[in-house]
1. Condition (residue is open to solvent by 50 Å² or more (accessible area, probe 1.4 Å), under 22 Å from A152 (Cβ atoms) and β-branched (V, I, T)) applied to the stretch 70-88: is it met by at least one residue?
2. Mind checking which residues of the stretch 16-27 are in contact (Cβ under 8 Å) with a residue 60 or more places away in the chain and within 16 Å of the ligand (Cβ to nearest atom)?
3. Farther than 30 Å from E140 by Cα, touching a residue at least 24 places away in the same chain (Cβ under 8 Å) and either of a type in the set (K, R) or touching a strand residue (DSSP E or B) at 6+ places or on another chain (Cβ under 7 Å) (or both): does that describe L75?
4. Kindly list, by first and then second residue, each pair from a residue in the stretch 174-194 that is free of Cβ contacts under 8 Å to residues at least 24 places away in the same chain to a residue that is open to solvent by less than 90 Å² (accessible area, probe 1.4 Å) and among the β-branched types (V, I, T), limited to pairs with Cβ atoms under 8 Å and residues at least 6 apart or on different chains.
5. With (1) on the phi < 0 side of the Ramachandran plot; (2) near the ligand (Cβ under 10 Å from one of its atoms) as the list, and R150 as the residue in question, which single condition is left unmet?
6. Does V53 fit the bill of being under 16 Å from the mean Cα position of the chain (by Cα) and within 20 Å of V157 (Cβ to Cβ)?
7. Within the stretch 158-177, how many residues are within 17 Å of the chain's Cα centre (by Cα) and among the acidic types (D, E)?
8. How many residues are surrounded by 13 or more Cβ atoms within 10 Å (Cβ to Cβ), more than 20 Å from the chain's Cα centre (by Cα), small (G, A, S) and at pLDDT 95 or above when one looks only at the stretch 103-157?
Amino acid sequence: MAQLIVALDVPSAERAERLVDQLYELDVIVKVGLEGLFGYPERILAYCEARDVRVFIDAKLHDIPRTVAAAMVHLVRPNVRLVNVHALGGLDMMRAAVDAAGERAGELGVNPPHVLAVTLLTSIAPEDLNELGLQGGPGENAIRLAALARDAGCAGVVCSAQEVRDLKRFFGDHFLTLTPGIRPVGSAHADQKRVTTPAQAVAAGSDYLVVGRPVVDADDPVAAVQSILEEMSVRA
Ligand code: C5P
């Protein structure tokens with residue numbers, strides 16, 4: 001069954017902690033991304049760990065293999081279920097990340113987090129690919145990068161829900177897909193280009209749906225999550 005991940009994209013630890021408290025009963029996974037990782041990393045990660053809230057660390061690691069492996073060691077915690085790297089960092093970098101996550105989890109005696117690889121950011125439009133020197137459309141690029149991620153031992157990929165059907169067809173149902181760029185019916189797209197509704201993402205077979213602004217900017221984040229969970233349970 002698809003699970004909802006709420007991005008704690010807020011400027012302060014206090015606001016992030018308040019969101020964790022508000023969302024606690026709804027049993028969603030929370031995402032700590034660059035804003036939290038640069039702004040208040042230890043505080044929010046310790047807060048979630050103390051409450052046994054499941055976390056996705058959206059670190060999007062992209063560096064030489066040794067540096068990525070060294071960073072990964074600091075991301076493994078008992079309640080951290082998902083972490084990610086950029087597929088464009090290459091096969092060896094992704095392998096180093098997977099190995100480091102597994103080794104560190106072994107040392108701590110906890111389950112290793114799933115290491116996912118970002119294929120293409122959902123803010124990248126088809127016309128941006130050419131500018132980046134990437135041949136083909138978003139779908140072809142996502143498949144190519146996902147194949148590399150699979151070969152490196154990643155558990156799955158971060159991609160647009162628009163690419164999930166093809167990815168599952170190529171790599172099988174157990175290859176996880178985590179999809180940002182989710183917009184409930186009637187909400188603003190902002191900088192996201194390749195968006196889908198919660199119901200469409202679930203129907204496509206996405207395993208994890210990431211939603212940020214439609215929840216954190218809502219007057220009532222709990223009601224916003226409840227309404228997304230409802231949309232997820234309705235077939236598109
Ligand atoms: O506010 P919004 O729902 O657009 O937030 C989406 C979240 O998912 C952001 O935190 C963004 O960093 C993250 N993300 C993304 N596209 C990716 C990977 C992560 O939008 N490919």
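1. Among the residues of the stretch 70-88, at least one is open to solvent by 50 Å² or more (accessible area, probe 1.4 Å), under 22 Å from A152 (Cβ atoms) and β-branched (V, I, T), which makes the answer yes.
2. Passing the criteria: L19, L23.
3. yes
4. H189/V195
5. Looking at each condition in turn, R150 falls short on (2).
6. On the way: under 16 Å from the mean Cα position of the chain (by Cα): yes; within 20 Å of V157 (Cβ to Cβ): no.
No: the conditions fail for V53.
7. 1
8. 0
The values are calculated or read from the model by the stated rules, or taken from the named source; none is laboratory data. Just so you know, these numbers come straight off a predicted model, no measurement behind them. As a convention, Cβ positions derive from the backbone with ideal geometry for all residues, glycine included, and neighbour counts pool all protein chains shown. For accessibility, only protein heavy atoms count, side chains too; no ligands or nucleic acids. Shrake-Rupley method; radii C 1.70, N 1.55, O 1.52, S 1.80 Å.
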